[in-house]
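Following: one structure in structure tokens, then a few remarks.
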Amino acid sequence: NNISQDKNLGASDEPLMAKFASRQSNEIVIAFAGPIGCGIQSVINKTRSSLLDLGYQRIEVIKLSKFLSESIDAGKITSLPRPKDASAKFFHYRKLQQAGRDVRENSRNKQILAEYAVQQIVLNRETDPKQASEGGVVPVPPRVAYLIDQVKRPEEVELLRALYRNLFYLIGVTKPYLQRKKLLEEEGVYEEET
């Protein structure tokens, strides 16, 4: 009774490791979280560079602040008036924070920004140019990483974990208060605003 010859056990000519490798996903989703002034952009840039070194062909950055800015521009969210004495950078941060609160409250959906990220991933997949298949062979999709900049609510993380399971990673970024304060001041936030 030779197992490799027993066709009833589902044996095939393809090695098991090759079958396993062909079923692995070529996508990962990484969300970043951290307070204002923690230097999250430098961590995202380093992650992007490291993923390219690991063989990921495409890195797509999904900025949740873009969704908020577009919602403000489209009049879906009322923008805060800018106080006369506020720095431009401080006002920018405050405006986006308030927009995030407003969009969650107006939609009664604490996961809405994560839903936007998922929508962007789906749209990216649909618009990804497909390689032409040769001889009926379906091409292997490129390795793609989606970097979500940045989640703020535990409900957003819950949704992303539920959808992407072991393909989802959360990276928390922080710095001590004095370092964050210094970085914000270097960006143009007034000392009294930090």
Could you tell me which of the residues VAL43, VAL61 is closer than 30 Å to PRO142 by Cα and assigned to a helix (DSSP H, G or I)? VAL43
Scan the stretch 121-135 and give yes if some residue there is at pLDDT below 90, of a type in the set (Ser, Thr, Tyr) and in a helix (DSSP H, G or I), otherwise no. yes
Can we say ASP53 is of a type in the set (Asp, Glu) and modelled with pLDDT under 90? no
Taking the residues in the stretch 164-174 that are touching a Lys or Arg at 6+ places or on another chain (Cβ under 9 Å) and not β-branched (Val, Ile, Thr) as candidates, determine which candidate is farthest from LYS46 (Cα to Cα). PHE168
Could you list, in sequence order, the residues of the stretch 64-96 that are free of Cβ contacts under 8 Å to residues at least 12 places away in the same chain and assigned to a helix (DSSP H, G or I)? LYS66, GLU70, ASP73, PHE91, HIS92
Looking across the stretch 55-99 at residues that are of a type in the set (S, T, N, Q) and in contact with a Lys or Arg (Cβ under 8 Å, 6 or more places away or on another chain), the single one that is farthest from SER42 (Cα to Cα) is SER79
Do we have GLU27 as closer than 18 Å to GLU158 by Cα and either open to solvent by 70 Å² or more (accessible area, probe 1.4 Å) or of a type in the set (Asp, Glu) (or both) here? no
Within the stretch 49-89, residues among the hydrophobic types (A, V, I, L, M, F, W, C) and open to solvent by 50 Å² or more (accessible area, probe 1.4 Å) come out as LEU52, LEU54, VAL61, ALA74, LEU80, ALA88
If we ask which residues in the stretch 146-170 are of a type outside the set (Ser, Thr, Tyr), part of a strand (DSSP E or B) and either open to solvent by 50 Å² or more (accessible area, probe 1.4 Å) or modelled with pLDDT under 95 (or both), their number turns out to be 1
If you go through SER50, SER69, SER42, the only one that is touching a helix residue (DSSP H, G or I) at 6+ places or on another chain (Cβ under 9 Å) and of a type in the set (Gly, Ala, Ser) is SER69
Do the conditions hold for ARG143, that is, is it modelled with pLDDT under 95, basic (Lys, Arg) and in contact with a Phe, Trp or Tyr (Cβ under 9 Å, 6 or more places away or on another chain)? yes
Take the residues of the stretch 171-194 that are within 13 Å of GLY34 (Cα to Cα) and free of Cβ contacts under 8 Å to residues at least 24 places away in the same chain: which is most open to solvent (accessible area, probe 1.4 Å)? TYR177
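The values are calculated or read from the model by the stated rules, or taken from the named source; none is laboratory data. From a predicted model like this one, the values you see are computed outputs, not experimental measurements. Cβ sites come from the backbone with ideal geometry, for glycine too, and all protein chains shown count toward neighbours. For the accessible areas, the whole protein counts, side chains as well, though only heavy atoms, and no ligand, DNA or RNA atoms are used. Shrake-Rupley method; radii C 1.70, N 1.55, O 1.52, S 1.80 Å.
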